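Asks: I am attaching a structure below and will ask some questions about it afterwards.
Derivation of every value follows stated rules applied to the coordinates shown; laboratory data play no part. Model, not experiment: these values are computed from the prediction. Backbone-built Cβ (ideal geometry, glycine too); neighbour counts: all protein chains shown.
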């Protein structure tokens, strides 16, 4: 177990390239090598030797490898490291909920970089699923992370993964997004289609919150209604994300 502190994850070393390690060059990378990388990183986490730059660099190299070779090693690395169950094997009890669609690893990196998420943030994920985004954002930024998820199976699995990894300051709650409390969130994120009553109530709540303080709302995928026309938010979209930032100047 470890405690979450602003400088908890070491940044003292720079990793060797995945391609520089014997037998794991870009054209030679295999699933077992990816799983070995994930196991090594998980052991470091368990032993409190986790180094954020090394983990992020490994993930970025796998993303580059995937783009060139049309593979999915980065996502397999992330799920193996986080010990998340295969989505295809999940038996979801709530048939009325949206299907679970994991955010790809490449998009998680882009999300962090595009918004500039840091240890000073409280990150709120609307429809957080297995906690993939929550855990990765926390490990790469040390931000406090809260997920809202309606499906009880996903909530239980996400909580189990967080506990098994010994990670604190990451919480998954079984709650509808229309009932969310946005008072402490500095970054609010929603992935996949957002429509209907719950999302309309969510945008109304975000607009009311924007009257009093600064924060960012980030979405990826079709969204209706959006916050583009709100006088409280500035559209600073980037890298395929719809990013709406409320600043004091927009009050």
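Asks: How far apart, in nanometres, would the label points at residue 204 and residue 44 be if each is projected 7 angstrom from Cα along the Cα-to-Cβ direction?
Replies: 4.8 nm
Asks: For region 139-169 and region 199-251, compute the distance between their C-alpha centroids and round to whole Å.
Replies: Centre-to-centre (Cα) distance: 25 Å.
Asks: Using every pair of alpha-carbon atoms in region 181-251, split the distances into 10 Å bins beginning at 0 and state the percent of pairs per bin, rounded to integers.
Replies: Taking every Cα pair in region 181-251, the percentages come to 22, 59, 20, 0.
Asks: Taking a ≥ b ≥ c as the square roots of the eigenvalues of the Cα gyration tensor of region 99-191, is the shape rounded (a/c under 1.5), prolate (a/b larger than b/c) or oblate? Please report the intermediate quantities before stating the final value.
Replies: Numbers: a/c = 1.35, a/b = 1.22, b/c = 1.10.
It comes out rounded by the Cα gyration axes.
Asks: Let me ask something else. Need one number: % antiparallel among DSSP beta bridges in region 164-244, to the nearest 5.
Replies: Numbers: 5 of 11 bridges.
Rounded to the nearest five, the antiparallel share is 45 percent.
Asks: Can you tell me the length gained on complete extension of the stretch residue 214 to residue 150, counting 0.36 nm per residue apart and subtracting the Cα distance? Don't jump to the answer; show the numbers that get you there.
Replies: Values: separation 64, 0.36 × 64 = 23.04 nm, distance 2.70 nm.
Result for the pair: 20.3 nm of gain on full extension.
Asks: With a 10 Å radius around each residue's Cβ, average the other Cβ atoms per peptide and rank 138-149, 58-69, highest first. Walk me through the numbers on the way to the answer.
Replies: Details: 138-149: 23.8, 58-69: 18.5.
Descending mean neighbour count gives 138-149, 58-69.
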